[in-house]
Amino acid sequence: MSSPNVTNATIKRGFFLYLLQHSQYNSKMRLALYQPDIPPNVGTLLRLGACLGVPVDIIEPCGFPFGARDLKRAVMDYRDAADVTRHVSFQAFHKSIAGNRLVLLTTRADAPYTDFTFTESDILMLGRESAGVPDDIHAIANHRLVIPMVPGMRSINVAVSAAMVLGEALRQTAGFPKIGSLSETTGHV
């Protein structure tokens, strides 16, 4: 029997809030690719997202036809498992993520990702391989993070960078998929 101070409406609202906070579609970390221009990198990132259960946002225009042969080769048979949302512009993307932190991975940042505290609803954005993101989008990001590198090196491949930072973000937020038996995940014994 419930307490006289707790109404059914309060219980229902609490249950709804619990579901909202623990929904796989709400507050889920995402990768966002700003106008990517190298199909194999996009394919690799879609495969990464599929394997780790992380949705991927593609902010268009891409520097290649989205169905390009190189993209198909890189994503292989993970295409159907990838949760991909395409946005016609940065403005459309930005409107869709209202309330989430936009965390830009950039060589123009001072804060190393290893010193950052991630949340489970962060959007990790990567710029174009050839040019990063424009200054106005750089300024919009809630946080800008860099991967510490040896002096004199320009950058790390965008897919490798995403894997490094996403791995740390998922570790901090306990967001990695649960490990099942080998036969459950691969079909092999």
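The smallest convex shape that holds all Cα atoms of the range 23-175, its convex hull, gives 108 Å³ per residue.
Remark: the Met164-Phe64 segment gains 33.5 nm on full extension, using 0.36 nm per residue and subtracting the alpha carbon distance.
Cβ crowding within 10 Å, taken as a proxy for footprinting-reagent exposure, orders Val150, Val56 from fewest neighbours to most as Val150, Val56.
One decimal place: the segment Ser155-Lys95 gains 18.7 nm when fully extended, by the rule 0.36 nm per residue minus the C-alpha distance. Each of Ile179, Ile38, Ile97 was scored by other Cβ atoms within 10 Å of its Cβ. Listed from fewest to most, they are Ile179, Ile97, Ile38.
Bear in mind these aren't lab numbers, they're just calculated from the coordinates by the rules spelled out. On a predicted model such as this, the values are computed, not experimentally measured, just so you know. Cβ: placed from backbone, ideal geometry, glycine included. Neighbour counts: every protein chain shown.
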